[in-house]
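Notes follow once the structure below has been shown.
The values are calculated or read from the model by the stated rules, or taken from the named source; none is laboratory data. Remember, predicted model here, so these are calculated numbers, not experimental data. For neighbour counting, all protein chains shown are included, and Cβ atoms are generated from backbone atoms with ideal geometry for every residue, glycine included. Surface accessibility is based on the protein's heavy atoms, side chains included, excluding ligands, DNA and RNA. Shrake-Rupley method; radii C 1.70, N 1.55, O 1.52, S 1.80 Å.
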Amino acid sequence: MRKHLVIAMIAVCALSAGCGRSTSGTAARTDPSAAGKSAKELVPDQVRKSGELRMATSEGYPPMEMYKPGTQELTGVDIDLAAAIAGRLGLKVTTTNAAFDGLIPGLQAGRWDIAMSSLSDTEQRRKAVDFVDYFNAGGSIMVKKGNPEGIKTLEDLCGKKVVLAKGSSNLDIGLRQNDKCAQKMQIMQSEDAPTGLLTIDSGRSVATIVDSPVGHMYAKETGKYDVLPGQYDAGPWGIAIDKRNPALRDAVAKALQELVDSGEYKQILDKYGTAANALPKITINTGVS
């Protein structure tokens with residue numbers, strides 16, 4: 001989930017059937033007649049005739065969706081994956097940048113066919129849409145390059161100066177761990193991940209917890225940090241599709257699986273340093289709430 005967009009997520013909870021976590025999800029059943037067919041063969045007639053796959057996203061969450069520097073051209077994991085999916089379906093993708101809290105209502109209103117914008121697959125959201133799950137993400141520990149403190153796990157943060165973003169799920173991870181610490185962390189709260197990293201640069205903190213793909217992006221771009229391999233509170237992100245369009249859902253799922261099988265999916269994730277978030281198999285509605 002886009003954990004730093006707390007205000008936006010409050011609106012999503014109200015408009016798009018909620019947020020939160022639970023311990024189970026319910027997988028949707030695919031149409032038995034889809035077995036043995038290619039993704040292109042599964043495309044609904046109405047979409048095939050239009051020749052386009054209308055995709056909505058909400059820019060501002062690199063490396064998933066962002067503008068190329070100095071331009072208004074969208075790029076990122078979700079943008080590239082959507083284009084690859086459309087190619088498998090024999091369609092051309094058209095991308096709309098929309099308000100994050102309007103993505104699911106827009107799907108329900110028929111303004112676009114799919115929404116890809118780092119959306120967590122949650123039980124409450126599945127009351128409104130189906131999810132084709134394609135990415136697994138959670139919070140990861142981020143430290144100065146070379147990991148001078150030798151931090152390996154959450155337990156190693158006990159007794160240390162840690163910075164965490166206000167209102168984020170990653171702050172919740174740190175606070176839960178702190179409750180278990182015999183020697184408490186010294187927790188500072190930053191406005192966002194980049195601000196928190198500045199405290200690591202200055203020595204005011206030794207670690208933070210950030211969304212795994214975001215951490216890997218900053219580590220790759222700056223060369224100043226290491227992202228530890230573990231992920232906490234990880235769960236699937238999915239492509240949202242209106243529940244009234246199961247045929248398109250199955251076509252998108254099949255297209256994504258074809259991309260996984262061909263290696264193109266991994267190539268796209270590698271391009272943005274998010275291979276650690278890959279799923280070995282594409283699933284439908286398997287998230288949690």
Original post:
Does segment 252-259 contain any residue that is modelled with pLDDT under 95, under 30 Å from K40 (Cβ atoms) and surrounded by 22 or more Cβ atoms within 10 Å (Cβ to Cβ)?
Top reply: no
Subject >> Sole exception among (1) closer than 28 Å to V93 by Cβ; (2) out of contact with any helix residue (DSSP H, G or I) (no Cβ under 8 Å at 6 or more places or on another chain); (3) among the acidic types (D, E) for D130, by number >> reply: (2)
Original post:
Which residues, taken from segment 109-125, are among the charged types (D, E, K, R) and either buried (at least 21 other Cβ atoms within 10 Å of the Cβ) or under 22 Å from T75 (Cβ atoms) (or both)?
Top reply: D113, D121, R125
**OP:** Tell me, yes or no, whether segment 142-152 has at least one residue that is under 19 Å from N277 (Cβ atoms) and at pLDDT below 95.
**Re:** no
**OP:** Examine segment 171-183 for a residue that is open to solvent by 60 Å² or more (accessible area, probe 1.4 Å), outside any helix (DSSP H, G or I), without any contact (Cβ under 8 Å) to a residue 60 or more places away in the chain and hydrophobic (A, V, I, L, M, F, W, C), and state whether such a residue exists.
**Re:** yes
Original post:
When you scan segment 114-150, how many residues do you find that are in contact (Cβ under 8 Å) with a residue 12 or more places away in the chain, more than 9 Å from the chain's Cα centre (by Cα) and on the phi > 0 side of the Ramachandran plot?
Top reply: 2
**OP:** Report the residue count in segment 260-281 for those that are open to solvent by less than 50 Å² (accessible area, probe 1.4 Å) and either more than 15 Å from V77 (Cβ to Cβ) or of a type outside the set (A, V, I, L, M) (or both).
**Re:** 6
**OP:** Please work out if L256 is under 17 Å from M55 (Cβ atoms), touching a residue at least 60 places away in the same chain (Cβ under 8 Å) and more than 15 Å from the chain's Cα centre (by Cα).
**Re:** yes
Original post:
Somewhere in segment 267-282, is a residue free of Cβ contacts under 8 Å to residues at least 60 places away in the same chain, of a type in the set (D, E, K, R) and part of a helix (DSSP H, G or I)?
Top reply: yes
**OP:** Scan segment 27-56 residue by residue and report those that are out of contact with any Leu (no Cβ under 7 Å at 6 or more places or on another chain) and at pLDDT 90 or above.
**Re:** S38, E41, L42, D45, Q46, R48, K49, S50, R54, M55
Original post:
Before we move on, is D242 free of Cβ contacts under 8 Å to residues at least 40 places away in the same chain and not β-branched (V, I, T)?
Top reply: no
**OP:** Return yes when G203 is at positive phi and small (G, A, S) and no when it is not.
**Re:** yes
**OP:** For G235, state whether it is in a loop (DSSP other than H, G, I, E, B) and within 30 Å of T208 (Cβ to Cβ).
**Re:** no
**OP:** State the number of residues belonging to segment 126-145 that are open to solvent by 10 Å² or more (accessible area, probe 1.4 Å) and in contact with an Asp or Glu (Cβ under 7 Å, 6 or more places away or on another chain).
**Re:** 1
Original post:
Restricting attention to segment 238-248, does a residue exist that is among the acidic types (D, E), at negative phi and buried (at least 21 other Cβ atoms within 10 Å of the Cβ)?
Top reply: yes
Original post:
In segment 191-228, how many residues are surrounded by fewer than 22 Cβ atoms within 10 Å (Cβ to Cβ), under 12 Å from K145 (Cβ atoms) and of a type in the set (V, I, T)?
Top reply: 2
Original post:
In segment 104-139, what residues are under 18 Å from P62 (Cα atoms) and hydrophobic (A, V, I, L, M, F, W, C)?
Top reply: A115, M116, L119, F135, A137
